[in-house]
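Worksheet: one structure, shown below.
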């Protein structure tokens with residue numbers, strides 16, 4: 001297989017296992033490129049990509065922009081906070097105005113679930129979902145699973161615990177889809193108030209005890225508490241959350257085996273992860289950041305090739 005089965009990357013749910021393997025193989029090649037003295041290739045020099053972010057982002061936006069520039073694409077950045085969206089312009093009008101400037105591909109983050117799917121039905125450009133509300137964040141799941149495979153050799157049969165605010169996390173949902181497609185066992189762990197009622201229907205285990213979750217897993221993917229998405233209080237205080245679900249280096253060192261610790265960022269240091277845990281030999285957080293550029297290069301390259 002030499003090209004993706006999809007014209008857009010809207011979510012992991014739409015990808016086949018072959019699609020994911022193709023993205024991984026392409027990302028591995030691009031990882032070699034970004035570690036060379038000259039880090040650019042001319043693969044997308046005739047392609048214009050618009051990064052349209054209706055929500056705040058640092059790592060994802062920088063990672064996409066760097067990936068685009070490494071591929072020699074022309075890049076247009078759009079931020080809703082300083083745009084006509086504030087004057088009442090609709091999503092479709094905003095994007096159509098940008099496309100009228102001859103943009104070939106749109107990377108979009110939006111607070112509304114399904115916004116990229118809506119756009120994909122109305123415009124001709126390729127769409128990459130950089131996060132839609134609490135729904136999916138496909139490139140994060142791809143870089144997470146790529147990083148696990150790079151460290152452990154395979155995902156088949158591996159045990160991955162996703163720990164923290166599952167209810168408000170688009171990273172959790174995309175990771176569950178990707179891990180299950182690649183043969184991993186998945187367990188979610190967190191306070192009962194932060195676990196969606198439907199979660200077991202996705203084929204995952206549920207564990208309320210952090211100690212038991214860590215003893216079970218090969219990989220702990222730790223999520224932050226998304227206070228900005230929470231309209232009500234889901235637990236008494238951050239201090240109490242940390243007491244029951246915070247991971248320290250001591251916690252990891254006391255395990256009878258070595259596990260990998262991951263985090264999609266930004267880390268609330270001292271809440272879900274202590275600094276000594278985040279910076280320990282267990283952590284592959286910086287590998288995730290590096291792999292994020294290579295995986296996003298692969299996604300953009302393959303979508304452009306699908307046209």
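Values quoted throughout were computed directly from the atomic coordinates according to the rules given, and no laboratory measurement underlies them. Just so it is clear, the model here is predicted, and its values are computed rather than measured. Ideal geometry is used to build each Cβ from the backbone, glycine not excepted, and the neighbour counts take in all protein chains shown.
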Out of 94, 26, 58, a Gaussian network model of the chain with alpha-carbon springs under 10 Å gives the largest mean-square fluctuation to 58
Roughly how far apart, in whole Å, are the Cα centres of region 186-213 and region 24-64? 34
Whole angstrom only: what separates the Cα centroid of region 3-19 from the Cα centroid of region 99-115? 17
What percent does the relative contact order of region 138-288 come to when contacts are Cα pairs within less than 8 Å and at least six residues apart? 24
Of 101, 297, 262, which has the largest mean-square fluctuation in a 10 Å C-alpha GNM of the chain? 101
How far is helix 138-152 tilted, in degrees, relative to the longest principal axis of the Cα atoms in the chain, given as a value from 0 to 90 rounded to the nearest 10? 50
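By the gyration tensor of its Cα atoms, with a ≥ b ≥ c the square roots of the eigenvalues, what is the shape of region 1-143: rounded for a/c under 1.5, prolate for a/b over b/c, or oblate?
prolate
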Highest-MSF residue in the chain out of 38, 123, 259 [GNM, Cα springs under 10 Å]: 38
Quick check: convex hull over the Cα atoms of region 60-167, volume per residue in Å³, rounded to an integer? 148
What angle do you read, to the nearest 10 degrees and between 0 and 90, between the alpha-carbon axis of helix 285-305 and the longest principal axis of the chain? 30
Give, in nm to one decimal, the length gained when the segment between residue 275 and residue 21 is fully stretched (0.36 nm per residue of separation minus the Cα-Cα distance). 88.1 nm
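Normalising by the residue count of the chain, find the relative contact order in percent from Cα pairs under 8 Å and 6+ residues apart.
The normalised contact order for the chain reaches 21 percent.
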Taking Cα atoms, how many degrees apart are the long axis of helix 17-34 and the longest axis of the chain, rounded to 10 and kept between 0 and 90? 80
7 Å from Cα along Cα→Cβ at both residue 7 and residue 306: what's the point-to-point distance in nm? 1.0
Using the Cα atoms of the chain, I'd like the radius of gyration and the largest Cα-Cα distance, Dmax, both in angstrom. 19.2, 59
May I ask you to work out the translational diffusion coefficient for region 138-288 at 20 °C, viscosity 1.002 mPa s, via Stokes-Einstein with Rh from the Kirkwood sum over Cα pairs, reported in whole µm²/s? 141
